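Read-outs throughout are calculated quantities, based only on the coordinates presented, and are distinct from any laboratory measurement. These numbers come from a predicted model, not from an experiment. As a convention, Cβ positions derive from the backbone with ideal geometry for all residues, glycine included, and neighbour counts pool all protein chains shown.
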């Protein structure tokens, strides 16, 4: 069941001169880029919580279908014990304009990172070297930093909640 363990690594952030600019009005959320070498440090920053990593894209019907379930789950669960890390795998050339516009018009409460790699598999395979390319790709990371469960393809809120709660230590 445990496919990988998250190791501490030094963060590698998007180069400062290439970081996304703040939105003109200042009201829209600024989306951050994440590169493969920054993924594990990002997840490590949530160590001690159960983390649901959701790789999605605007062109993926099952991805879009499960976003409301993920938003509900994020709002339902205790943020001191659970974190949702969503990462858009939209093409890097389009992501800077496409993803913010998509989120603003469809799911304004959705928070996501942008894929900072030219190939989407580089980012996902940093977490799962055996990723078969199925979208959406969801990984439940236990409080210890190991992959607890992999959920490929579309899932319901109940399926996500069951997987996340199973990974949470009982108090």
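Worth a mention:
- Residues 126, 109, 32, sorted so that the one with the fewest Cβ neighbours within 10 Å comes first: 109, 32, 126
- Nitroxide proxy distance, nm - points 7 Å out along Cα→Cβ at residue 122 and residue 156: 3.9
- Of the residues 112, 170, the one with the fewest other Cβ atoms within 10 Å heads the list, and the complete ranking is 170, 112.
- Each peptide in 132-141, 99-108 was scored by the mean count of other Cβ atoms within 10 Å over its residues; highest first, the order is 132-141, 99-108.
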